[in-house]
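J.: What follows is a single structure, and I will ask about it in a moment.
The values are calculated or read from the model by the stated rules, or taken from the named source; none is laboratory data. Owing to the predicted nature of the structure, the values given are computational and were not obtained by experimental measurement. Heads up, the Cβs are rebuilt from the backbone with ideal geometry, glycines too, and the neighbour counts pull from every protein chain shown.
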Amino acid sequence: MCGIIGYIGNKKATPILIDGLLKLEYRGYDSAGISTLEDTYISNIKKTGRVKNLYDSEGLDNLNGTIGIAHTRWATHGKPSCENSHPHLDNSNTFAVVHNGIIENYAELRTFLTNNGYNFLSETDTEVIPNLIHYYFSKDTKNDDGKFLRAVKSACNDLKGSYAISVISKLYPNRMVVSRKDSPLVVGYRDNEKYIASDIPAILSYTKNIYLLNDYDIAELYNDSVNFYDKNLNKISKDLKNIEWDASSVEKDGFDDYMIKEIFEQPKTIRETISSHLQENELCNFPELNISKDYLTSLNKIFIVACGTAMHAGLAVKNIFEKLLSIPVEVDIASEFRYRNPLIDNKTLMLFISQSGETADTLAALALAKSKGAKTIAISNVVGSSITREADYTIYTHAGPEIAVASTKAYTSQVVLLDILAIHFAEVLGSSASKDLEVLKSNLLKLPEKVKEILSNTDTIKDFAKKIYNEHDIFFLGRGIDYPVAMEASLKLKEISYIHSDAYAAGELKHGPIALIENGITVVGILTDSALTPKTISNLQEVMTRGAKTLIITNQSIKKNNFNLVINIPETDSLISPILSVVPLQLLSYYVAKEKGLDVDKPRNLAKSVTVE
Ligand code: AGP
C-alpha cells in the first residue's frame, strides 16, 4: 500500500528519495509526492499517477535540500489527487508529514482542529497530523530543544488507528522525527547519513544496517546520530541489525519484470529455504524453535492462518501435516478467523504465514490466538516484520525480497518450509516411519533441480497463453493436493491478467459449476496424485464433452486423449507436488498478462502488502 522514504545527510536528498520511491512502486499506489528542506523553507511537489510524473515535474531539479521525505499514496480517504497526496503540511507550512496507515478518529480530530482555527485543504485523514503537531508545538511554552519531539509525541498520543509517520520542520533544518504504530517503519544507518523507509528494499542499495522500530517508538534523526525514545519520551537503546539481502536482489537483472525474474529465481530460493533446515542424511533442524515432544503430544489441533497466496500455501501443506502427525489441521483465512470466535486453547498450535509480515488481518488473527493462550509460530520472509515480533517463534523463508505484487517465489518457499516443518515435528514425535520420512526428505532435496527442469522449457506455455489470453473465464480443476494448486493458479491469473477465473475441486463440478461449461471455454486440470488421476480424468472428459479446451499439468503418464495440451512435470511424492505443479501455472498467468500488454508487476487496485483491514 502506501510507501515512505526519507533521507537526512550530506547529499542532495531528491535523487535518493526518487530512487526509493521507484523501489516502493511495487507496493501499489496512485500518486506520489516529495518535500525537502531548503534552509528554512519546505518545498513540496506532488503528482498523481506514476513516480515518473513526479520525476518529470518542473522544479524537481531545484530541490537542493539534504533532508527530505517522500511518499507513494494508495488512496483510502479521498480520491487520488495532488491535494490528497502526501507530504501534507500544517496551515503555517512549518511541518511536513508523510503517513502510512489509517487514522480512525480523524473526523473527531478534524473537528477539534477546525474549532481551533485550522483549515483543511484535502479530504485525507493524514492532514490532521501536521496540524495537530503544530497545535501542540504552539501550546508548548518551554523553548528548549525538545519542543519538536514533544509536539510529535503529543500528536501521536491523540491518534487512533495505525500510522508510520515521518516529520520534518522548517524550524529544525537538521533533524527528522519519526514514529510508528501498526504500520512498518525502519531506520537505515550509515555514517553521516540516515534513511527511513516503510520497506527495507527502498534503502537497500544505500545501507544494510537497519534499526527496527516497535509500536509507539519515536526516533529523532540527525545526519550523524539517531536517538530512540519510548512513548513517554524516555531514551531507549536499539541494536543495529545487518540485513542479509543483496542490493541486486531488488533489481530486475535483465528480466522484463520482477515477476518473471522471481519465477526464475525459484530453484535458488527453494534451495536456500531447504538448506537452512534440511541436509542430506540428517534430522531436520529448526534451531529457532523450542518445541518439545511433550508439547506436540499434548496438541489437539493445528491452525494455519493467512491471506491470499500465503493461505493457499497453508492449504497445500494441510495433508502432509495430518498424514505425518495424525493431528487435525484447519486452514483459515485470517480476515474470517479473527471474527468467528475460533476454538483455540493452549493445546492448539497456531502457524501464521505472511510473506510481508505486515498483513493487517493476519496480525489481528495472531493477536487473537495469543490472547487465547495458543503457541504461535510466524512463517515470514521479511526480517523484523511485525508478525515476527509478535509471534512466539519465527521461521524465515529466506526467499529474498519479493517485489512483484503476484507472489511466486515466496509461495514455493512457504510450502517447502512447512513441508520440512511437518517432517521435523514427525521426527520429534516419532509419529511416522523414519523410512517414509527419509524418502520425503530426499524428494525435497531434489526439488530445486526439478523446478529448473520445468523452467528450461517455457515455449509450450507461451504458445498456450497466446491462444487463451482473450478469454473471459478460465476454470482450474484439481482433487486432493491439486485443489489448493488450482486455487493458487486461479488467484494468480485473475490478479495480473484481469480474466475471471475460478478453481473447483473436480468432484464438485457436477454439483453446480458444470452449468458454466460451454463450447470453447478453457479448463486447466492438475493431476499429480496417481490415486486420484482416473477420477479427475473422468471430470475432464465431462467438460470436454461440453466443448471445453483443456490444458493438463501432470506428473502422471496419461494418454493425450483429446486434451489440447499436456504439460509434463517431473515426478515427486504427491504430498510435496504443489511446489512443482504451481510453476507452469505461474508462467501461464505471467504470459497471458504479457499477451494482454498489462503491467504484471503492478496490477490495478492491488498492493503488495495489505496493511489495512
Ligand atoms: C499474492 O499473489 C497476493 N498478492 C496476495 O494474495 C498475498 O499473498 C496476500 O495479500 C498475503 O500477503 P502476505 O503473505 O504478505 O501476508
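J.: Among the residues of the range 350-365, how many are of a type in the set (Val, Ile, Thr) and modelled with pLDDT of 95 or more?
T.: 2
J.: Separate question: Every residue in the range 467-507 that is aromatic (Phe, Trp, Tyr) and surrounded by 21 or more Cβ atoms within 10 Å (Cβ to Cβ), please.
T.: Selection gives PHE475, PHE476, TYR483, TYR504.
Results for (1) away from the ligand (no atom under 16 Å from the Cβ); (2) modelled with pLDDT under 95; (3) of a type outside the set (S, T, N, Q), shown as yes or no for each residue.
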residue: SER413; (1), (2), (3): no, no, no
residue: GLU438; (1), (2), (3): yes, no, yes
residue: LYS467; (1), (2), (3): yes, yes, yes
residue: PHE475; (1), (2), (3): yes, no, yes
residue: ASP482; (1), (2), (3): yes, no, yes
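J.: Looking at the structure I just gave you, is ILE537 farther than 28 Å from MET259 by Cβ and out of contact with any helix residue (DSSP H, G or I) (no Cβ under 9 Å at 6 or more places or on another chain)?
T.: yes
J.: Residue under question is ILE454, and the condition is that it be touching a residue at least 12 places away in the same chain (Cβ under 8 Å), hydrophobic (A, V, I, L, M, F, W, C), crowded, with 18+ Cβ neighbours inside 10 Å and within 16 Å of the ligand (Cβ to nearest atom); does it hold?
T.: no
J.: Can you run down the residue pairs with Cβ atoms below 8 Å, 6 or more apart or on separate chains, where the first is in the range 410-428 and among the small types (Gly, Ala, Ser) and the partner is away from the ligand (no atom under 12 Å from the Cβ) and not in a helix (DSSP H, G or I)?
T.: Every condition considered, the pairs that remain are SER413/HIS398; ALA426/SER432.
J.: Of all residues in the range 508-534, which are surrounded by fewer than 20 Cβ atoms within 10 Å (Cβ to Cβ) and touching a Lys or Arg at 6+ places or on another chain (Cβ under 6 Å)?
T.: Answer for the range 508-534, where residues must be surrounded by fewer than 20 Cβ atoms within 10 Å (Cβ to Cβ) and touching a Lys or Arg at 6+ places or on another chain (Cβ under 6 Å): just ILE517.
Let's see how each residue does on (1) buried (at least 18 other Cβ atoms within 10 Å of the Cβ); (2) closer than 30 Å to ILE496 by Cα:
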residue: LYS160; (1), (2): no, no
residue: ALA164; (1), (2): yes, yes
residue: MET176; (1), (2): yes, no
residue: ILE210; (1), (2): yes, no
residue: ASN214; (1), (2): no, no
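J.: Name the residue, out of ILE403, ILE454, that is more than 27 Å from PHE337 (Cα to Cα) and at pLDDT below 95.
T.: Unique residue meeting the criteria: ILE403.
J.: Test of understanding: among VAL524, VAL600, which residue is among the β-branched types (Val, Ile, Thr), at pLDDT 90 or above and within 16 Å of the ligand (Cβ to nearest atom)?
T.: Only one candidate qualifies: VAL600.
J.: Of everything in the range 269-305, what is within 16 Å of the ligand (Cβ to nearest atom), outside any helix (DSSP H, G or I) and not hydrophobic (A, V, I, L, M, F, W, C)? Give them in sequence order.
T.: The answer is none; no residue qualifies.
J.: Only one of GLU508, GLU471 is touching a strand residue (DSSP E or B) at 6+ places or on another chain (Cβ under 8 Å), among the charged types (D, E, K, R) and modelled with pLDDT under 95. Can you tell me which?
T.: GLU471
J.: On to the next question. Do the conditions hold for LYS323, that is, is it assigned to a helix (DSSP H, G or I), of a type outside the set (Val, Ile, Thr), over 27 Å from the mean Cα position of the chain (by Cα) and modelled with pLDDT of 95 or more?
T.: So LYS323 passes the test.
J.: I've got another one for you. Give the residue that is farthest from the ligand (Cβ to nearest atom), with candidates limited to residues of the range 306-350 that are β-branched (Val, Ile, Thr) and more than 15 Å from ILE576 (Cβ to Cβ).
T.: Ranking the qualifying residues of the range 306-350, first place goes to ILE327.
J.: Tally up the residues in the range 356-375 that are crowded, with 20+ Cβ neighbours inside 10 Å and within 15 Å of the ligand (Cβ to nearest atom), please.
T.: Total meeting the criteria: 10.
J.: Kindly establish whether ASP294 is modelled with pLDDT of 95 or more, acidic (Asp, Glu) and farther than 30 Å from SER581 by Cβ.
T.: Against the criterion (modelled with pLDDT of 95 or more, acidic (Asp, Glu) and farther than 30 Å from SER581 by Cβ), ASP294 qualifies.
J.: What's the number of the condition GLU127 fails, among (1) of a type in the set (Asp, Glu); (2) under 32 Å from the mean Cα position of the chain (by Cα); (3) over 14 Å from VAL97 (Cα atoms)?
T.: Here GLU127 clears every test but (3).
J.: Kindly indicate the residue of the range 376-421 that is surrounded by fewer than 24 Cβ atoms within 10 Å (Cβ to Cβ) and among the polar types (S, T, N, Q) and also farthest from LYS268 (Cα to Cα) among those meeting that condition.
T.: THR376
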